[in-house]
């Protein structure tokens, strides 16, 4: 059995967050040991979403698979963390919506339409991805740090670089 972070058992409509190292994969638990999730069509049943093809593909398949098949050996947890921000849809609507999408090919975009967007849309009616938002914030901070660094280099060049030019003119 795959390791969980908690001893909770998922209920229909719960969101399952699966830790895949550098990213998390998301699925919706629909009961009887099954989840529905958005995965690239290149993946075979039971492979989960470890493939880098998920980043490169612009289409993905909605799949119904066993929770343990999707989780594999990864850690996972129930994560309905947006319940504080949004009212979850009725469980019957979440499960029905998930089941109706199984087998459909949907547009896929890491930034605007990934597995977390998909799962949150089913539970809350809102396509949101906190991991994309966090990654965007990290990129903004890194960009700001780089800009500040370049500014310091430019300032240092202006302050200290001019004296060499003046020295050449004096010779």
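Couple of notes before you dig in:
- Sorted by Cβ density within 10 Å, fewest first, the residues 83, 32, 14: 32, 83, 14
- Fewest-first ranking of 84, 17, using other Cβ atoms within 10 Å as the exposure measure: 84, 17
- The range 80-134: C-alpha gyration tensor shape, a/c 1.5 cut-off, then a/b vs b/c: oblate
- Normalised per residue, the volume of the convex hull around the Cα set of the range 15-128 (Å³): 95 Å³
All of the numbers you see were taken from the coordinates with simple rules; none came from a lab. Because the structure is predicted, anything quoted here is derived from the model rather than measured. Backbone-built Cβ (ideal geometry, glycine too); neighbour counts: all protein chains shown.
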